[in-house]
Amino acid sequence: MAPLDPIRALRVLEHVHGHLGWLAAAGLLHPAILLRNLRRRAHLSVALATGFVTFVGALGAYIYGPYRDIVKQKLFIEAPQVGFLFERKEHLAFGAVMLAWAGAAAYFAAARTTDDSLRLPLRKFAFHAFVFSCVLTTIVACLGIAVAVVRTF
């Protein structure tokens, strides 16, 4: 069996990253729905959604170096507007991951606090953080499609 061409391997990782990005958006929707009820327990949903979006973001960070070296300059030459969309995609993806982590931190802090006056605001923050993380992740996935249509590995 012939070894896998490095560019082809990067293309596969890029496609996997894109598909997992859509799954991450769907996964973040689950804790957002569950946390509408501020008293509902959602430990597993919060942990899995946060872990999954973090993994997808880490995969994107892993392929960013070769993407920057091989694709990014050609993308900006061919379609500068799409290149700037890619730049926005990076920033929004970072925000989505950070919001998921902030939501998880607030959720688990609320579960551990003994102060009832603090518990509900923390749970409300967790709910909003997961909603906004889900929205950002969906936007990032859409931008990823727009960029991939123009230029890929």
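Bear in mind these aren't lab numbers, they're just calculated from the coordinates by the rules spelled out. Computed from a predicted model, the values in this text were never measured in an experiment. Here Cβ is always computed from backbone atoms with ideal geometry, including for glycine, and neighbour counts include all displayed protein chains.
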Using a Gaussian network for the chain with springs between C-alpha atoms less than 10 Å apart, which of these wobbles most: Thr114, Thr138, Thr50?
Thr114
In sequence order, calculated HN-Hα J values of the stretch 119-131 (Karplus, 6.51, -1.76, 1.60; Hz; x Gly/Pro)
4, 5, x, 5, 5, 5, 4, 4, 4, 5, 4, 6, 4
Grab the beta carbon distance between Ala9 and Thr54, set R0 = 25 Å, and tell me the FRET efficiency rounded to 0.05.
0.65
Two-site FRET efficiency, Ala61 against Arg36, from Cβ-Cβ distance with R₀ of 30 Å, rounded to 0.05
0.45
Provide the per-residue ³J(HN,Hα) series for the stretch 61-75, in order, calculated from phi with Karplus coefficients 6.51, -1.76, 1.60 and θ = phi - 60°, each as a whole number of Hz, with x at glycine and proline positions.
5, 5, 8, 5, x, x, 4, 4, 6, 9, 10, 4, 5, 4, 4
Qualifying aspartates and glutamates (Cα of each under 15 Å from Cα of Lys89; at least 8 residues distant if same chain):
Glu14
Report ³J(HN,Hα) in whole Hz for each residue of the stretch 91-102, in order, from the Karplus equation J = 6.51 cos²θ - 1.76 cosθ + 1.60 where θ = phi - 60°; Gly and Pro get x.
5, 5, 5, 4, x, 4, 5, 5, 5, 4, 5, 5
Given charges at beta-carbon only (K, R positive; D, E negative), |dipole| of the chain in Debye
460
Of (1) 49, 40, 26; (2) 57, 40, 20; (3) 41, 31, 30, which one was derived for Cα extents along the principal axes in Å from the structure shown?
(2)
